[in-house]
Amino acid sequence: MSTNPLTIAGISTTPVTRDLPTPLLDACSTVARSAVQDAGLAPSEIDGLFLTPASMSGEPWLMYAANLAEHLGLTTKGLVLVENGGATALLALRSAMDAVALGRCKAALVVASDTRPLLDTNHFESFIRNVAFTTAALYGGVNAVLGCGPPIPIYAMSHQRYMHEFGVTEEEIALSSVRMREHAALHPMAQFRERISVADVLNSKPLSPPIHLLQAASISSGACALVVTTPERATEKGRPVVEITGYGEHHHPSHFIPRSGSITQFESVTEAAKSAFAEGGIAPKDVDVAEVYGVFGATELILYEDLGFCSKGEGAHFLADGRSTFGGDVVINPSGGRLSMGHPAGATPLYEVAEVVRQLWGEAPGKQVDDATVGLVHAEHGMMNGSVVMTLEKRS
Amino acid sequence: MSGNPLQDFTLQALKIYGTSASSELQRRLAIDRTLCGTHCETCRKTTFPPRDFCPSCFTNEVSWQEIGDGATLYAFTSQNRALRFSHPEVIGVVDIPGVGLVMSPIAGTLETLKLGQALACEVIDLHEGLCAWRFCPVENT
């Protein structure tokens, strides 16, 4: 079966903030309409709407997809809501890509959003019910009784093993937070822009040793929308066409701690990257700009390794030597990444795509990567139990 | 209703998010005081969390098997704010031969525990009708 080539034709993002300044439906409607306008398309030309849940962390919203489609007034041949943890938004984009590639839709709008949970701490029983149910849903009916909170300890144990197995120091890992903040300082959409030092990181509040506050992505709010279509529909604005060239997805049969396998090297990342690079006909050394889903300091370095930008165990040196920043081999997370851009989890991967595409267009909101031609996006769910990797390329 | 919201809501949540196997695991923890996985009679693999089938070959021919012997400490940390433990209490991952990596509370402190040390399993009572497991350094048991 032949498939259509794909491009991102329009983008709109809210700044990442602690809370949305408007009601959620207004934020989603605004970015949706702006993305269509940015693509130079009429509303009637959008025939697919692909969504994340309105909020993964906040209140559930029954029949949100129908609700937003009605609100936007869109008639579609595809109306789909996707959920799979941190990879959600990239999987919603993948559904839109499939629909356009197969010709089922001509131009698909993808809208992703998230808000912080609003826990009712003033009413004890309501608070305990919410936490008990969330814990059981997140960890399952066996591990729920352990009573773990947000999965910070799980990443902390990966961080601990990473130091143990590869001889990496706390200071070397702390530098990843410093580097992300350097990038965010140049980015007007990032939530955290004040520069920090390694000492600031290691003196910040311990959350789950060895993870400190400044080594953890914040729980943030934001909304983002993209238009996926075929290149001939995207050339009217005079922008270079950015084509989606490669896609890879791999899910290990585990959720958080894998019974078998490693917590410092992730099969889902290496396998998804391998598939995406093969489909895109490129290698890691060809990538100019990347956005990766490093939600904790050590995770950032592990991803550099597992995506193939450097050898296993060399992530800290790769970072310290300036090979992952402006002027280096590849600029990773020019947005400030999850650690400083902020992390509206349900929408984060779409923010990553937005940053990479804008870099390839030459329209970076922050610092522009010189001569950026090839980009990469990575997202994951659980603790890298599943990963999605996408490659994009600017066509002349 | 017991009057203890954490107990009541956890039990309610487990009815939704649990399985028949997780209920049986709870029964074995409470009555037999053992931590068990399920063992496949066909492919000989032992699985935790337990299931009423084998996730390797999908057969229903599984039996309950006590696990925990020979466990070693694979990783550990604590958490400032958690539902059932808080700093300085320790949560960890233990490596159980023939089973793999299993999350568990760990008896001990962040300062004294060491990666690779030998551990033994014990059952702890959380509330009436609700148990968990915990691994303890062997020299302390």
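Each value in this text was obtained by applying a stated rule to the coordinates, not by laboratory testing. In this text the structure is predicted, and so the values were computed from the model without any measurement. Here the Cβ is made from the backbone with ideal geometry for all residues, glycine too, and neighbour counts use every protein chain on show.
For the reader, a short list of remarks on this structure follows.
- Using only side-chain charges placed at the Cβ, +1 for Lys and Arg and -1 for Asp and Glu, the dipole size of chain A relative to its Cα centre rounds to 400 debye.
- Region A:319-380 and region A:68-109 have Cα centres spaced 24 Å apart.
- Over chain B: helical MRE at 222 nm, DSSP H runs n ≥ 4 each giving -39500 (n - 2.57), nearest 500: -4500 deg cm²/dmol
- 3J(HN,Hα) from dihedral phi, region A:88-103, Karplus parametrisation 6.51/-1.76/1.60, rounded to Hz, x for glycine, proline: 3, 5, 6, 6, 5, 5, 4, 4, 5, 4, 4, 5, 6, 4, 8, x
- Separation of region A:222-244 and region A:123-180, taken as the distance between their Cα centroids, equals 37 angstrom.
- For region A:7-20, backbone phi angles converted through the Karplus equation (6.51, -1.76, 1.60; θ = phi - 60°) give residue-by-residue couplings of 9, 8, 9, x, 9, 8, 9, 7, x, 7, 9, 4, 10, 6 Hz, Gly and Pro being listed as x.
- Given 15 as the ceiling on other Cβ atoms within 10 Å, longest exposed-site-free region of chain A for GluC sites (Glu not before Pro) in DSSP loops: A:237-362
- Contact order for region B:5-140, expressed relative to its length and based on alpha carbon pairs under 8 Å spaced 6+ residues apart, stands at 21 percent.
- Within the shell defined by Cβ-Cβ distances under 11 Å, the residues around A:Leu214 carry a net charge of 0, with Lys and Arg each +1 and Asp and Glu each -1.
- Around B:Gly37: net Lys/Arg minus Asp/Glu count, Cβ-Cβ under 10 Å: +2
- Local electrostatic count at A:Leu186 - Lys and Arg +1, Asp and Glu -1, tallied over other residues with Cβ under 9 Å: +1
- Taken one residue at a time, the phi angles of region A:301-306 give Karplus couplings (6.51, -1.76, 1.60, θ = phi - 60°) of 5, 4, 5, 4, 6, 6 Hz. Gly and Pro are set to x.
- Ordered by the number of other Cβ atoms lying within 10 Å of each residue's own Cβ, fewest first, B:Leu110, A:Leu62, A:Leu118 fall into the sequence A:Leu62, A:Leu118, B:Leu110.
- Considering only B:Phe53, A:Asn122, A:His381, and ranking their Cα positions along the charge dipole of the protein assembly as shown that arises from unit charges at the beta-carbon of Lys, Arg, Asp and Glu, the one farthest toward the positive end is A:Asn122.
- Cross-link pairs beyond the 21 Å C-alpha cut-off, checked among A:Lys367/A:Lys394; A:Lys237/A:Lys394; A:Lys205/A:Lys367; A:Lys274/B:Lys45: A:Lys205/A:Lys367; A:Lys274/B:Lys45
- Loop-resident chymotrypsin sites (Phe, Trp or Tyr not before Pro) (DSSP state other than H, G, I, E or B) in region A:244-341 with no more than 15 further Cβ atoms inside 10 Å of their Cβ: A:Phe326.
- Between the residues A:Tyr351, A:Leu81, A:His317, the greatest Cα displacement towards the positive end of the dipole of chain A, with unit charges on the Cβ of Lys, Arg, Asp and Glu, is found for A:Leu81.
- With a 10 Å cut-off around each Cβ of B:99-106, the average count of Cβ atoms from other chains is 5.
- Here the dipole of region B:1-103 is about 220 debye; that uses its Cα centre as origin and unit charges on the Cβ of Lys and Arg (positive) and Asp and Glu (negative).
- Cross-link partners for A:Lys106 among the aspartates and glutamates, with Cα-Cα distance under 20 Å and sequence neighbours closer than 8 places in the same chain left out: A:Asp38, A:Glu45, A:Asp47, A:Glu70, A:Asp98, A:Glu232, A:Glu236, A:Glu243.
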